[in-house]
Each structure stands twice: as structure tokens, then as C-alpha cells.
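Have a look at the structure below, then the notes.
The values are calculated or read from the model by the stated rules, or taken from the named source; none is laboratory data. Not measured: the values here are computed from a predicted model. Here the Cβ positions follow ideal geometry from the backbone for every residue, glycine too, while neighbour counts run over all protein chains shown. Each accessible area value is taken on the protein alone, full model and side chains, heavy atoms only, with ligands, DNA and RNA left out. Shrake-Rupley method; radii C 1.70, N 1.55, O 1.52, S 1.80 Å.
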Amino acid sequence: MEKLILRYFNLLRTAIAITIGVILSIIIIYIVSREPTFSLKAFLLGPFQNTTTIGNIIETASPIIFCGIAIAMSFQAMQFNIGAEGAFFISAAVGTAFAVSTQMPSFLHIVTILLISAITGALWGYIPGFLKAKFMASEIVSTLMLNYVAYYSGLYLINYHFRDKKAGFMVSHRLAESAWLRQFIAGTRIHWGIILALAFALITYYLLYHTTLGYEIRTTGSNQNFARFGGINVFKVIIISQMLTGLIAGFGGMTEVMGIHRRFTWQLSPGYGWDGVIVALIGKNHPIYIVFASLFLSYLRVGGQQLKLLSDVPPELVLVIQAIIILLITAEAFLRNVKNRIAIRKAGYSKEAGIEHDS
Amino acid sequence: MSTILESIFSPDFGFVILRVTTPLLFASLGVAVSALSGTINIGLEGIMLVSAFTGVMVSAFTRSLLLALIAGVAAGVLLGMILAYFHLYLKTDVIIGAIALNFFASGITIFLLFLFTGDKGTSSSLRSLVFPEISIPILNKIPILGRIASGHNVLTYFALLSVLIYFILIYKTPLGLRIRAVGQNPEAAESVGINVNHIKIYALLLSGFFGAFGGLYLAMGYVSWFSRDMTAGRGFIAIAASTLGSHMPLRTLLGSLLFGSVSAFSIYISSLEVPSDLIQLIPYAVTVIVLTIYSGRVFSGKIKKPKELI
């Protein structure tokens, strides 16, 4: 038992953090709702009530998975690139611009559009990567700023050059049907983007844990000096990891346009880049875990929508809960005492069984 | 076009710049003091929101401006303390902690707004107070300058004063010296007996203090209500402004003024068929360039290395 706890300590801590978050939300619902049982049911079970809501969970998860994996590529190399938001936005804008101004047979169209978006994203990621590698410019600040540059450039591109003036609101022209990612489950909007997201999760998992580049990224992340002395080209790794971030986020941004909206509809930055940071943290930067973390986050989101539709509890509860979960999951020292105590006990200082919880 | 030019070269435009700059300046000082201690606070967005909300609520229910001020500032400082606690004692990364704080602030303010007012958008159904505008006796008689600089909200003047406070704090007080020492080289600071954690806590509390005023001004001066996510990215713009000014008092003021001017300018030209989006992105691009040049010079040893931002 103790051995298991030590081995899976991180997983356990994540589980405890999530449990605390869920318990807190139950308590809050009981305090504020006039019909707490009903509201609670809407929040926790609502997302599973029918095909549409289950579909919602999966649709919502798709862009979050992309951004989560994207962010993880940089975080694995200890590059705090939070620029998935910007890469997502500008790649979707450039991809849309390309999509509405070209005509091709469907498959070819889809492939070239996604390629263009991915390249846009990768180039976008190159900027903070290069500035960090070459000039030591903090990628946190530069990506935050570049998010705004991407946002305004994207808006400029769509609103001034590809705007559908007949639409009545600020959106781009509609994509031709040849550029659509099909929605393949009746009654939902689940589209090929989710399949591509899962494929990306598998590819990046393989890349990170079974290739030389992945090893180099992870080594740079855990100890840059060690990596450098070990002959790894840290300069290259810093740039490549951030280009991958841009590439994946950009690709994800375009799938969202092609699968759900079929035109560029964002006048505000949609925030998936920040969601990506959350799931990368919950999933410990591991692509497969990130998929589950994204599903969990979008489950909470859909639960929030159900609260909004059915109950008197504001859905912003979800924002509060996810903040608390992030804080607890990333608090390195949270429950560390428990771990240490178990480790000491295991080492033979005490043979008492049972686990005490630290407050 | 000529009418636009006319209005831009009128004193009113200067007045608007100061008005728009005020919340940015408070937030920038909040970023600056934290960055100087080596832990940059990207949670100003959240701090401002919570303070704005607290100020509006307290003023609406107590009808006291003083209580609203105290509560708003206390809320900001409390958030700084929460971030400090998680970062320094529970070892959460300060960037992640601040991101979580921003989510938390956005959620909790809308959540409570709804519970108190039944409205999820704004608090306009409440009769909350605003800080007074003051006309400065002699200044308001001077032709152009008077129209630019007089008649502002009292917090705008406090914002300008805060630059001086910040200057005195970091250059003339033992705490300021320690904040800079910790930021530049924590090991060296530790070796001369400075408690690095304590200094960082103070810096984050100060960060919350300055940020709080930015929030209070937004909801009780700039406008007279609280609305959801009303900070609208100002906490992030502040990072740019402060970085642009390398976290030094006067230069941070100039950085804030630059961003203030650009957003004032884009308000003015938004009626024209000029792509304001492109104009709005310029200061961010400039910040990236300045950051790069500055970091590059530090990197190549031309100027002494302050501890890297994170």
C-alpha cells in the first residue's frame, strides 16, 4: 500500500486536488442554490444526460486537447511559452483566408489548409523561440505580447480583407464545403478534429518518449546545463519546442474553424490557449494524460452550461473550481509532508500502518 | 480626417490619455515592483478585478467611500498574499499561480455579482459611489495644460504620485534596496542575511496594493459600475508597459503613457475606415523588440545582469 502511494504520489495528489475541487463545488452549490439537489444533479450528471451533451463534452475537448499538447511541448523543455492562444488565433485567421480564396477538390483542400495553418503556427512559435535562444528574452513576456500581436493581426486580416459583409456581424466568408471537416455522429457536432487531436496526442507521446528529439527536449527541460554538457544543442531544442507549440496550436485552431463554425467567427480571443495551460498542468505535460485532463475540463464546462440552463447557480463556479484545482495540483509542497512521512516510515523508522493526513 | 486630426491635437486628447493611462499605470507599478524582486506577477488582471468588485460592493452597501477604499485595497493585498503563500510556501510556480488567480478572480466576481444583484453583466442596478474629480486651483487657469491636467479623478493624481512613491520606495528605503538585491541575486542577498522569502512576500503585497488602486479606479472613476472581466487585458498590458520601462519608476510611467496614448488614439480613430487593429498591435510589437534588445544587452554583458525575470 505504502509503496503504491509513493509510486503514484503525483497521480494521487492530482486525484485529491480534483476531489477537493468537486467537494468545494458541491458545498458552494448547497450554499447558494434554492434547489441544491437539482442544481447539483444538473452540474454533475447533466453533461451525460443525452447524446447532445455528451457530444458537447467531446467537441469542447478537441481544441483544448490541441492547445494542451501544444503547451506541453514547450513546458517539457521548461520553456514557459504561453503563446498557444496567439498561434491558435492567427493560424485560424490565415488558414481561413487561404481557405476562402482557393478552390480545390475536398481532400486536397483540407490537407493544404491544415498545412498552411500548421506552418503559420510553427513560424509564429519560431519568434519567441529564437528570441529566447539567441537573446535570452523571457518567453513568458514575449509570448504574452505576441498573443496580442496575433490577435490584432488576425482581426485585421479577417475584418478588413475577408469579412462577409452580408453576414450582419463581424465574421469571415463561409468556407466552401470542400474545406469542411465532416461531423460524423448524428445529433452532435463531433467532427474529424477530435480524431486528429487524438492522433496528435499519440504522435507527440511517441515523439517525446521514444525519439532522440523528445529525449533532448525533456533533458533540456530537466537540466539545461546537463543537457548542454551532454552535447545537446540547447539552442535548437529551445526553438524547436516552441515551434511545435505554435504548430500544434495553429493546426488545432484551424480544425475548430473547419469542423464547427465553418467560418472565422472570433472577435474576442477564444481562450483555448489558457485552457491549454490548465490541462498541460493537470496532465503533467504528458500528451495522453492531457487528453483525459481536457475531457475532464470540458466535462466541467458542459456542467457549467447545464447550471446556466437549468439552475439558479452561476456557471462561473467552474472558473473558481478550476483555479483551485490548478493551484493545488501545481503546489509542489502540497501533501509533501505526507509523502515524506510515508517514505520515512517505509525506511523502517516505524512499522505503524495507516496514513495520517496532513492539514 | 481633418476633424480627427483637430481632435487629436486638442487638449481633450491629452486629458483622455491621462484618463486611459491611470489604470495601466497602477497595474504597471504592480508588475514592476514584483518583477524587481525577481518574481514577476502576471496576476494583476485578477487583482484589479477583485478590488474593483469589492470597492463597488462595499460602497453600494455602506455608502462610504473610505470603507470602499480600504476594502478594495485590502482585497488586492490579500490576493497578493495568497499568491505569495502558494508560491513561496506551497511551491506553486508563480506564473501558474497567477494564471490560476486570474481565472479565480474572473469567476468569483461574476459569481458573487450574480448572487448580489441577480445580474451577470454589470452592477449598474446598484448605486455605487465614485471617487471625486478634483479641479486643481492654479493649474486649471493655465490655458492648455489646465484642460489636460486639471479636473481628473483623484485616483489619477494618486497614480502619478504613486510613481514618486515607487521611486522613493525602491531607491530610498531599506526595503527597496532589499527588493532590488533579492531580484538581482537572491543567493548573494541571502548570504548577507536578507530573508529572501520575506522580501518577495513584501513585493507581492505591494504589487497587490498598486493593482488594487487600478481596479478601484476602473470601477469607481473611469466608469461607475463593475462589469464582468472589465479589466479587459490591462493586467497583461501592464506587463508590457513595465517591461518596456525595465521596471524603473519613470520609464514605467513612460511605458504606461505610451500604451495609454495608443489606446486613446485607437478610440479616436475607431470611427474612421482606418484599420485600428494594426495600430493597436504596434506597442506590443515594440515591447517584444525592446525586451529583446534589453535582454540581449544583458546577455552579452553590456549591462549588469539583473536576475532573469523568472
As a test of the definition: with a 1.4 Å probe, what buried accessible area, both sides summed, do you compute for B against A, in Å² to the nearest 100? 4200 Å²
May I ask for the longest run of chain A untouched by GluC sites (Glu not before Pro) that are loop-located per DSSP and have at most 16 neighbouring C-beta atoms (other than their own) within 10 Å? A:1-331
At 1.4 Å probe radius, can you tell me the per residue accessible area of the stretch A:13-138 in Å²? 37 Å²
Straight distance only, please: which aspartates and glutamates reach the Cα of A:K165 with their own Cα at less than 13 Å, same-chain residues fewer than 8 apart left out? none
Under the rule rounded for a/c under 1.5, else prolate if a/b exceeds b/c, else oblate, using alpha carbon gyration tensor axes a ≥ b ≥ c, the stretch B:214-278 is classed as oblate
Could you work out what % of the accessible surface of the stretch B:20-239 is carbon and sulfur, using a 1.4 angstrom probe and leaving DNA, RNA and ligands out of the count? 69 percent
The stretch A:1-58: mean projected area of Cα convex hull, nm²: 5.8 nm²
Lys, Arg +1 and Asp, Glu -1 on Cβ, resulting dipole of the stretch A:30-142 about Cα centre, debye, nearest 20: 100 debye
Cα-based Kirkwood hydrodynamic radius, the protein assembly as shown, one decimal, Å: 26.2 Å
The stretch B:1-134: relative contact order in percent, alpha carbon pairs under 8 Å with at least 6 residues between: 25 percent
Name the residues of the stretch A:84-99 whose amide N is less than 13 Å from a point 7 angstrom out from the Cα of A:T112 along the C-beta direction? A:98-99
Roughly how many Å² is the accessible area per residue of chain B, as a whole number, for a 1.4 Å probe? 41 Å²
At a Förster distance of 41 Å, what's the computed FRET efficiency of B:V223 paired with A:R34, Cβ-Cβ distance as r, to 0.05? 0.80
Ordering B:L101, A:L108 by the accessible surface of their heavy atoms, 1.4 Å probe, largest first, yields A:L108, B:L101
Percent RCO, i.e. relative contact order, over the stretch A:144-242, from Cα pairs under 8 Å lying at least 6 residues apart: 10 percent
Among the listed pairs B:K91/B:K200; A:K132/B:K91; A:K284/A:K346; A:K41/A:K284; A:K284/A:K308; A:K3/B:K91, those beyond 19 Å (Cα-Cα): A:K132/B:K91; A:K284/A:K346; A:K41/A:K284; A:K284/A:K308; A:K3/B:K91
Given a cut-off of under 8 Å on Cα pairs at least six residues apart, what relative contact order in percent is computed for chain B? 34 percent
Once you order the gyration tensor axes a ≥ b ≥ c over the Cα atoms, which shape class does the stretch B:120-185 get: rounded for a/c under 1.5, otherwise prolate or oblate by comparing a/b with b/c? oblate
Extension gain, B:T62 back to B:I144 (0.36 nm per residue minus Cα-Cα distance, nm): 25.6 nm
Between A:Y215 and B:L177, how high is the FRET efficiency from 1/(1 + (r/R0)^6) when r is the Cβ-Cβ distance and R₀ = 51 Å? Nearest 0.05. 0.70
Could you give the length gained by full extension between B:I293 and B:S191, i.e. 0.36 nm per residue of separation minus their alpha carbon distance, to one decimal place? 33.6 nm
Paired Rg and Dmax values of chain A, which use every Cα atom, in angstrom: 22.1, 76
Efficiency of FRET between A:F9 and A:K134 - r from beta-carbon atoms, R0 30 angstrom, step 0.05: 0.20
Provide, in order from the shortest bin, the percent of all Cα-Cα pairs of the stretch A:69-212 in each 5 Å bin, continuing until the bin that contains the maximum pair distance. 2, 9, 14, 18, 18, 17, 12, 7, 3, 1, 0
Return the tail of the calculated pair distribution for the stretch A:184-326, meaning the percent of Cα-Cα pairs more than 28 Å apart. 31 percent
Fraction of the pair-distance distribution of the stretch B:20-239 above 27 Å, Cα-Cα pairs, percent: 34 percent
Given 37 °C, 0.692 mPa s and a Kirkwood radius over Cα pairs, the Stokes-Einstein diffusion coefficient of the stretch A:234-309 in µm²/s is 230 µm²/s
Starting from the alpha-carbon convex hull of the stretch B:26-132, give the projected area averaged over all orientations, in nm². 7.1 nm²
